[in-house]
1. Let me know the shape class of segment 120-258, please: from the alpha-carbon gyration tensor, a ≥ b ≥ c as square roots of the eigenvalues, rounded when a/c is under 1.5, otherwise prolate if a/b is greater than b/c, or oblate.
2. I need the calculated FRET efficiency for the pair residue 155 and residue 288, taking r as the beta carbon distance and R₀ as 35 Å, to the nearest 0.05.
3. For residue 340 paired with residue 39, estimate the spin-label separation in nm (one decimal), with each label point 7 Å from Cα along the Cα-to-Cβ line.
4. Of the peptides 126-134, 309-317, how do they stack up when ordered by the mean number of other Cβ atoms within 10 Å, highest first?
5. What net charge is computed for the residues neighbouring residue 193, neighbours being all others with C-beta under 12 Å from the C-beta of residue 193, Lys and Arg scored +1, Asp and Glu -1?
6. Given the DSSP H assignment, sum -39500 (n - 2.57) over each helix run of at least 4 residues in the chain and divide by its residue total; what's the result at 222 nm in deg cm²/dmol, nearest 500?
7. Residue 68 to residue 329: extension gain in nm, 0.36 nm per residue of separation minus the Cα-Cα distance?
8. Counting only DSSP beta bridges with both residues in the chain, what percent are antiparallel, rounded to the nearest 5?
Amino acid sequence: MTNSASVRSYTVDTIPGDGIGVEVTDATVRCVDVLAARFEFGVHWRERPWSADTFRATGRMMPVDGIEQLSDGDATFLGAVGTPDIPDDVTLWGLLIPIRREFEQYVNLRPMRMLPGVRGSVYDSAGLDIVIVRENVEGEYSEIGGRFNRGRDDEFAVQENVFTRKGITRVARFAAELASRRGGTLVSATKSNGIIHTMPFWDEVVSEVCSQFEGVIVDKVLIDALAARLVARPTSVHTIVASNLFGDILSDLVAGVAGSIGIAPSGNLNPERRYPSMFEPVHGSAPDIAGKGIANPVGALWAGAMMLEHLGEFEAAGTLTTAFEGTLEAGISTPDLGGTATTEEFVLHMLRTLGA
Ligand code: GGG
């Protein structure tokens, strides 16, 4: 951050990416620009047009020095990655995952609550308010393994999971601190009955860490039972800590319960602030609706509010949140929420609310 005299200024790298990622990033940048003018801070956007097109043109999702280019920014904002004609593992492992790993963004914070004007998809969703702390750099997302005997009858694949004491400890500590401010119970997603090495280790380390936090109780729940509980009784859970894969799945599930994956935000955090953190909507590039102008911008706007909060612009973050909540409450919503508004109609209402 530059803070000369009274002007606070931030450099934010945007990676709009593919499909609707481009549309929702544009929506967020326009709203943040209005807030910056209103609350008297500056945002220097550095657009990084890294996407499937970059891959088609260069064979890479981002330049060789892409990480270095982002490293002196105050934050990164990502839209979405993925396109039907390139395998998803290529697009994800070529862009999103290296950023998370190189910048030690080991916490993926994924909050969800019922937003005004939005109907949940299950009976008991009123009052849903859940924060998922997803481990973000190890676990089931691992490069260790391989495909063998390709094309033969005895072909097989091996995929190793990597769980380290350091990795579990630091994410559990972050989650325990959060849980202590959110009622004291930390639900830990596990599968230690079936996954017999890594998951008992996860359970042990999460319990050890939480025992150091007065008033924090670990509720260890098997992932399958937890999925059912989040649908049947979503208000019985407040804070969850989960491994990389489990956290990813649960956050989509919870967003679906709360109305739509289109409203879900996430922050890929380097809690020590040694490196930039990255903010993104949880949803992907949604090729089926890309270019139709009907993408829900709420997940991106909410991620934008998380970014502003991370940068210390609390008033702007609160104003942005109030604005998207108010827009939804006014009955303006995109088709994924059962509405008829376009992305642009939603954004225009936001801009008016924000005082553009
Ligand atoms: N919003 C970024 C995006 O494209 N997410 C889609 C996705 O598949 N993400 C995988 C992950 O978060 O691990």
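Nothing in this text is a laboratory measurement; each read-out follows from the coordinates by a stated rule. What you are looking at is a predicted structure, and each value in this text was computed from that prediction instead of being measured. Using ideal geometry, Cβ is built from the backbone for each residue, glycine included, and neighbour counts are taken over all protein chains shown.
1. Oblate.
2. Plugging the Cβ-Cβ distance into 1/(1 + (r/R0)^6) gives 0.65.
3. Placing both labels 7 Å along Cα→Cβ, they lie 3.5 nm apart.
4. 126-134, 309-317
5. In short, 0.
6. So the calculated ellipticity at 222 nm is -12000 deg cm²/dmol.
7. Working it through step by step, the gained length comes to 89.8 nm.
8. Taking every DSSP beta bridge within the chain, about 45 percent pair in antiparallel fashion.
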